[in-house]
Each structure stands twice: as C-alpha cells, then as structure tokens.
2 protein chains.
Amino acid sequence: MAPPEQDALRVPEPAAIERARARIAPHVLRTPIVASTALDAIAGATLVFKCENLQRVGAFKARGACNAVFSLDDATAARGVVTHSSGNHGAALAYAAQRRGIPAHVVMPDNSPRAKQDNVRRYGATVHFCDANVAAREAVCADVVARTAGVLIHPFDNEHVIAGQGTAALELLEDAPELDALVTPVGGGGLLSGTAIAAHGVRRGIKVYGAEPAEAGDAAAGFHAGRMMPPPVTRTIADGLRSGTSPRTFAAMRAHVSDIATCSEAGIVRAMRLMWEHLKLTAEPSSAVPLACLLEGTLALRGARVGVIVTGGNVDLDRLPWQT
Amino acid sequence: MAPPEQDALRVPEPAAIERARARIAPHVLRTPIVASTALDAIAGATLVFKCENLQRVGAFKARGACNAVFSLDDATAARGVVTHSSGNHGAALAYAAQRRGIPAHVVMPDNSPRAKQDNVRRYGATVHFCDANVAAREAVCADVVARTAGVLIHPFDNEHVIAGQGTAALELLEDAPELDALVTPVGGGGLLSGTAIAAHGVRRGIKVYGAEPAEAGDAAAGFHAGRMMPPPVTRTIADGLRSGTSPRTFAAMRAHVSDIATCSEAGIVRAMRLMWEHLKLTAEPSSAVPLACLLEGTLALRGARVGVIVTGGNVDLDRLPWQT
C-alpha cells in the first residue's frame with residue numbers, strides 16, 4: 001500500500017478513466033455536442049460545446065459520483081455514502097446512491113435554498129442540516145460518518161471522482177477529434193484534472209486549459225506561482241467554482257494543464273447570455289466561465305478549434321443575472 | 001400536369017421525405033433527443049424531446065426552407081427566393097439561400113422587432129418593409145416577386161417545405177423507435193403534416209397528434225368540424241402558431257392525424273418553464289404547446305411513450321413570460 005502522502009496525490013491513469021467510462025455507462029447519458037456559427041464569429045474561434053447541462057442531475061457531477069459509488073465493494077457500499085456539497089455534487093451523489101440502492105447522506109447549511117434541498121431529496125437522500133460555516137459543516141459530516149459508517153465521497157479530492165469527470169472529455173474527443181484545445185471551468189479542479197489526464201491519454205499534443213472567475217482566482221494564482229493557494233473568499237456568480245483546490249488536483253493540473261485563465265464577473269454574465277441566446281441551452285454561470293475567458297482574451301485561442309465543457313444547467317429561472 | 005385544384009392539395013409521399021432528408025443533410029444538423037425522469041413523473045408519460053431548437057437558425061424551419069431552396073433547378077434558383085415571414089421561416093429561408101449562394105428577399109412589417117430583422121440580415125437576405133397588415137404585406141410581396149422574378153417560398157403551403165419538415169420525425173423514430181405517439185405544435189400545419197406522413201411511412205400504427213393554443217384554435221376546431229376554419233385573430237404567446245392552415249395542410253392533417261388538442265395560455269407558460277428547468281433548453285413558447293396539452297389532459301396519453309418535437313428556441317431573454 002502506498003504511503004499516505006502518496007495516496008493524497010494519487011490521480012487516475014488514462015486507463016482508469018476508460019474503465020470509469022464503462023462502469024458508469026448504464027447510469028449516465030452520452031451528452032451531445034452543439035455549436036453556433038454566430039457564436040464562433042463573436043469569439044473568433046471554432047467552438048464545440050459538450051452539453052453536460054443535459055447530463056443526469058443537470059451536471060457533469062453525475063459522472064464522478066457514479067464512478068465513486070460503483071467503485072465501492074458491496075459491503076462498503078451497503079453502509080451508504082456521505083458528502084457535504086449542497087450543489088450539484090450533492091444531487092449527483094444522491095442520484096448515484098439511488099441507482100445502486102444504497103443510502104446517501106448530504107450535509108448542507110440550514111440556510112440552503114429550498115430548490116437545492118429538493119434536488120437532493122428527489123433522489124431519496126437524507127439531508128442533514130448544519131450551521132453555515134466550515135467548522136459546523138465538518139463536525140456534522142464527521143458525526144454522520146461516525147453514526148452510519150458511511151463512506152465520505154469528496155466532491156473533487158477523490159481519484160474515482162476525478163476519473164469519472166474525465167469521461168466527458170473522452171466522448172468529446174470522439175465526437176470532435178479535430179480539436180486543438182479543451183477548456184473547462186476550475187473550482188476544486190476535479191473536472192480539469194480528469195479532463196487533462198483523459199485528453200492526454202487520447203492525444204498527447206492537445207492543449208488543456210482551465211478557466212476561473214477572477215473573483216475566485218486561487219487556482220490561476222497558484223498555477224502561476226507554483227504553489228497551492230488557500231481557498232478563496234468570494235461571492236462570484238459562478239457558484240459552482242467557489243471552492244479551493246486540493247494537493248491532489250493542484251498537482252495534476254500543474255502536470256497536465258497548459259494554463260489557467262481568469263475572467264470578470266461581467267464577462268461571465270455576458271458569456272452566459274450569449275450561450276443561452278445562440279446555443280439555446282440553459283447553462284449555469286460556472287459553465288460560462290470558459291467562454292468568458294475566450295471573449296476577454298485571457299485565453300488567447302483565436303482561430304483555434306476549441307472544445308468547451310458546459311458543466312451544468314441548474315439555475316434559478318426567476319432571477320437571471322442579466323436582468324437587474 | 002395535374003390540374004390546379006389537385007396541385008393545391010398535393011403533399012409529399014413518404015419517399016419524397018426520404019429524398020428531402022438526403023438533399024438537406026449537408027445543410028442541417030441531426031439534432032439530439034433529450035428526456036427527463038422528473039418531467040416524466042410530472043406528465044405521467046415517457047417523453048422524448050427532439051431538439052429542433054438546436055437546429056440551424058434555432059428552429060425546424062431550416063429543414064423545410066433548405067428542401068425548398070435545394071429543390072429548385074439552377075436557372076430558377078438564380079433568380080432568388082422571396083417570403084413574407086418575419087419569424088423563423090424568414091431566417092430559415094435566408095439561411096438556405098445563403099447556403100445555395102442565391103438572393104433572398106424577406107418582407108416584414110415595419111414594426112418588426114430589431115432582433116427579427118437581424119436574424120434575417122445575418123444570413124445576407126434583403127429586408128423589405130411593409131405596413132403591418134395582410135393587404136400591405138401581400139402587395140409588397142407581389143411587387144418584390146414581380147421586380148426580381150424570384151420564387152415565393154410559402155412558410156407551409158408548399159410540398160417541398162412540408163417534406164423538409166417531415167425529416168425531423170424520421171430522425172426521431174430512428175433514435176427512439178419504441179414511441180407510441182408523436183406530438184407537434186400546429187400553426188399553418190406544415191410541420192404536423194410532414195411529421196404525420198413521414199411517421200406513417202415508417203410505421204403505419206403510430207399515432208400523430210397536433211397541439212394548438214386554444215387562443216388560436218382554428219386547426220383543432222376545423223379538424224373536429226371537418227371543414228377548414230378561417231385564420232385566428234389572436235395574440236397567443238405562442239407567436240409561431242398565429243397563422244391559419246391551408247387547404248393542403250388541412251387535408252393532410254385530416255388524413256393522417258389522430259386528433260388536435262388545445263391548451264390554455266397559462267398552461268403554455270407553465271410547460272415552457274418546466275422544459276427550461278428540466279430539459280435545460282431554451283424552448284420558445286410555441287415549443288411548449290404539446291407539453292401543455294399533455295399536462296392539461298387534453299391529450300390523454302398517460303402511460304404512453306410520446307415523442308415531442310421542440311420546434312424552436314428563439315426567445316427574448318430579457319422578458320420571460322413567467323416573470324411579470
């Protein structure tokens with residue numbers, strides 16, 4: 001067995017991402033790609049969007065959660081799974097557990113919007129409330145793990161989750177094999193790590209980039225400084241990207257990613273609206289961060305063929321950010 | 001040559017729809033299908049949605065316009081094409097003409113929203129303004145035809161347009177062969193006619209239904225009365241469905257369609273929001289009319305496997321109908 005400090009940095013090999021793909025195939029959708037000549041003209045590049053907003057639970061997170069849950073042996077799985085994400089990972093873990101027929105426990109702040117609670121309960125998970133701070137969240141989470149003996153499935157600091165997230169890139173590169181580059185948003189770095197490892201397993205020369213709100217720019221700053229930065233204190237509109245990275249995802253990004261760019265909040269809103277208008281998709285703010293970086297020129301990919309992962313479509317339809 | 005009264009009722013055979021499919025294949029997208037278990041639970045049926053909002057120009061109209069334009073012989077095509085639709089058909093005809101490299105002329109009321117003008121000009125068409133009434137529109141259209149010798153391509157009363165619209169059903173039944181029924185919105189009846197003929201060419205036993213706003217319920221009333229009704233006077237939110245039928249489309253619907261149901265305006269808004277929420281698609285109000293009929297029970301298809309054509313995604317993102 002590897003020593004713990006090794007374990008904490010372990011990421012999946014490309015072959016593990018291929019195995020993840022087969023493992024989760026019965027439980028996730030092969031999502032389509034879309035494109036728009038009007039949007040290409042605005043961006044000055046040829047863009048192909050992988051529609052993970054059309055994925056189960058409305059986000060790519062279904063891939064990682066299903067791979068983690070279906071990688072557990074039967075005895076371990078029977079004890080159930082636990083997480084503390086109130087966002088798409090929480091719903092994804094609930095979905096994966098329901099597919100396997102095991103209990104799921106999701107810890108969320110007691111001020112979480114009703115819609116987020118419903119997203120988790122829809123798939124039969126038990127919601128545990130905590131005060132809205134990190135210490136309370138970790139205490140409740142530890143208590144749930146202790147009482148249930150369930151397995152904590154971290155939203156990104158987990159090699160099976162990373163392998164699952166990487167499967168979207170495999171499909172994208174099959175459907176659009178001519179791409180020069182891939183871009184994904186960066187929050188904790190699970191998607192970007194998995195995407196980069198998967199893509200380089202298929203084609204060594206392809207460039208993989210991260211895109212991050214400047215308001216939550218810890219991954220970009222850390223990438224350029226060569227050392228991991230503390231988690232951001234941020235209210236970026238891209239609510240899926242408010243977390244920091246982990247040593248595991250940070251090391252993977254340093255090894256496999258060409259650059260991480262940042263964009264403004266106004267740029268995110270503009271890019272999101274353009275995606276709704278031209279792609280006819282409801283993309284959540286986090287999903288618009290790659291396009292925002294392309295439009296603001298912090299990702300200088302004019303003329304290139306670029307694949308973008310549209311990470312999710314879970315938004316409050318009553319309050320759209322371009323309506324103020 | 002058939003006598004005129006025959007010509008005016010002529011609709012495509014299934015084989016003509018297969019030929020249309022091959023003819024337009026280089027110019028249109030094979031759109032994906034999507035589904036949502038949450039939406040199925042609400043509707044009490046298994047629903048499969050064909051995403052023509054992701055089609056070129058954001059609507060199925062690209063199919064019919066491309067088939068009509070690419071069915072013209074070279075000498076005729078060189079004179080250009082003309083239409084008077086300011087909606088999706090206008091943009092679709094402009095797109096088709098641009099693909100063929102011929103002129104397109106689109107007559108639209110001088111009070112048309114800027115966005116609709118831009119949708120047509122984007123593809124290089126010439127816009128001709130008229131006063132906002134039927135007589136003025138027809139006069140300007142006749143004048144443009146006389147001056148340019150261009151070919152008038154009607155939005156639905158045209159067998160090549162009908163054949164093109166029917167190609168979406170061929171793809172849908174390939175991707176979801178187990179469907180019991182198909183439902184499309186009804187405006188002029190081109191899509192519904194083409195869908196029904198195409199579907200019955202593939203599988204004689206499948207049921208095909210129309211869905212119409214009660215506020216513009218001329219097709220449903222005519223279908224039940226057995227005689228064509230005059231065009232509706234309506235401000236239904238489903239702005240793509242405000243036109244009446246033609247003898248051609250009316251006869252085709254009577255021959256091939258099982259029923260035409262109607263729904264309320266509030267039902268359209270509710271169904272549209274549910275589609276945005278659960279399918280993660282921007283569907284225009286007309287696209288939500290089939291789901292509204294299913295939810296209001298005017299289409300009694302509980303427990304069935306139903307294919308729904310999502311006709312378009314062109315909406316004003318600044319003013320969504322559930323925000324008042």
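Bear in mind these aren't lab numbers, they're just calculated from the coordinates by the rules spelled out. Please read all numbers here as calculations on a predicted model, not as lab measurements. FYI the Cβ positions are ideal-geometry reconstructions off the backbone, even for glycines, and counts take in every protein chain you see.
Quick one: with label points 7 Å out along Cα→Cβ, list the inter-copy distances for B:Leu9 in nm, shortest first?
8.1
Enter the angle in degrees (range 0 to 90, nearest 10) between the Cα long axis of helix B:61-71 and the first principal axis of the Cα atoms of chain B, meaning the one along which they spread out most.
The angle comes out near 40 degrees.
Compute the relative contact order of chain A as a whole-number percentage, counting only Cα pairs closer than 8 Å that sit 6 or more residues apart in sequence.
21 percent
Within 10 Å of each Cβ in peptide A:314-324, how many partner chain Cβ atoms are there on average? Round it to a whole number, please.
Whole-number average of other-chain Cβ neighbours for A:314-324 is 3.
I need the inter-copy label distances for B:Asp40: point set 7 Å along Cα to C-beta, values in nm with one decimal, smallest first.
In nanometres, ordered from closest: 3.5.
Along the range B:160-166, what does the Karplus equation 6.51 cos²θ - 1.76 cosθ + 1.60 (θ = phi - 60°) give for ³J(HN,Hα), rounded to whole Hz, x for Gly and Pro?
Result, rounded to whole Hz: 6, 5, 4, 4, x, 4, x.
Taking amide H atoms as placed 1.01 Å from N in the peptide plane, list the residues 5 or more away in sequence, or in a different chain, whose amide H sits under 5 Å from that of B:Val107.
It is B:Thr83, B:His84, B:Ser85, B:His128, by chain and number.
What is the helix-to-structure angle for A:265-279, meaning the angle in degrees between its Cα long axis and the longest Cα principal axis of chain A, kept from 0 to 90 and rounded to the nearest 10?
80 degrees
What's the minimum Cβ distance from chain B to the axis relating it to A, in whole Å, and which residue gives it?
Axis-proximal residue of B, distance in whole Å: B:Pro32, 2.
Which shape class applies to the range B:121-182: rounded if a/c is under 1.5, otherwise prolate when a/b exceeds b/c and oblate if not, where a ≥ b ≥ c are the square roots of the Cα gyration tensor eigenvalues?
prolate
What average count of beta carbons from other chains do you get within 10 Å of the Cβ of residues in B:28-36?
Mean number of neighbouring Cβ atoms from other chains: 3.
Tally Lys/Arg at +1 and Asp/Glu at -1 over every other residue whose Cβ is under 10 Å from the Cβ of A:Leu320; what's the total?
Result for the neighbourhood of A:Leu320: -1.
How large is ³J(HN,Hα) for each residue in the range A:292-307, as worked out from phi by the Karplus curve 6.51 cos²θ - 1.76 cosθ + 1.60 (θ = phi - 60°), to whole Hz, x for Gly and Pro?
Each residue of the range A:292-307 in turn: 4, 5, 5, 6, 7, x, 6, 9, 8, 10, 4, x, 8, 9, 10, x Hz.
Output wanted: per-residue J couplings in Hz (rounded whole) for the range A:9-20, from phi through Karplus 6.51 cos²θ - 1.76 cosθ + 1.60, θ = phi - 60°, x for Gly and Pro.
After applying 6.51 cos²θ - 1.76 cosθ + 1.60, I find 10, 6, 10, x, 6, x, 5, 5, 6, 4, 5, 4 Hz.
Can you give the charge dipole size of the protein assembly as shown about its Cα centre, rounded to the nearest 20 debye, using +1 on the beta carbon of Lys and Arg and -1 on the beta carbon of Asp and Glu?
Once rounded to the nearest 20, the dipole reads 540 debye.
Which one of A:Gly226, A:Gly194, A:Gly64 has the biggest mean-square fluctuation once chain A is modelled by GNM with Cα springs under 10 Å?
Its mean-square fluctuation being the largest, the pick is A:Gly226.
If each of B:Ala15 and B:Ala38 carries a label point 7 Å out from its Cα toward its Cβ, how far apart are those two points in nm?
4.8 nm
Find how many whole Å separate the alpha carbon centroid of the range A:118-165 from the alpha carbon centroid of the range B:256-279.
Each part's Cα centre sits 38 Å from the other's.
Using the structure shown, list the pairs from A:Lys61/A:Lys116; B:Lys50/B:Lys280; A:Lys116/A:Lys280; B:Lys61/B:Lys116 with a Cα-Cα distance above 19 Å, or answer none.
Long pairs (Cα-Cα over 19 Å): A:Lys116/A:Lys280.
Go through B:Ala91, B:Ser112, B:Ala77 and say which Cα lies farthest out towards the positive end of the charge dipole of the range B:62-152; charges sit on Cβ, +1 for Lys and Arg, -1 for Asp and Glu.
The residue sitting farthest along the positive end of the dipole is B:Ala91.
What percent antiparallel are the DSSP beta bridges of the protein assembly as shown, to the nearest 5?
Given both bridge residues lie in the protein assembly as shown, the antiparallel proportion sits at roughly 10 percent.
Evaluate the charge dipole of the range B:62-152 about its Cα centre and quote only its size in Debye, nearest 20, assuming +1 on the Cβ of each Lys and Arg and -1 on the Cβ of each Asp and Glu.
That gives the range B:62-152 a dipole magnitude of about 320 debye.
With the dipole of the range B:188-275 worked out from charges on the C-beta (+1 for Lys and Arg, -1 for Asp and Glu) around the Cα centre, which of B:Ala219, B:Ala266, B:Ala196 lies farthest toward the positive end?
B:Ala196
Would you mind pulling out the separation of the Cα centroids of the range B:17-54 and the range A:1-68, in Å?
So the separation of the two Cα centres works out to 23 Å.
Could you pull out every residue, at least 5 positions away or on a different chain, whose amide H is within less than 5 Å of the one on B:Ile309? Hs are placed 1.01 Å off N in the peptide plane, and Pro or chain starts have none.
Here B:Lys50, B:Val183 satisfy the definition.
For chain A, with a Gaussian network of springs between Cα atoms less than 10 Å apart, report the residue from A:Pro232, A:Pro113, A:Pro285 with the top mean-square fluctuation.
Checking each option, the largest mean-square fluctuation is seen for A:Pro113.
Nearest 500 deg cm²/dmol is fine: what mean residue ellipticity at 222 nm does the protein assembly as shown get from its DSSP H runs of n ≥ 4 alone, each adding -39,500 (n - 2.57), divided by its residue count?
Theoretical 222 nm ellipticity from helices: -13500 deg cm²/dmol.
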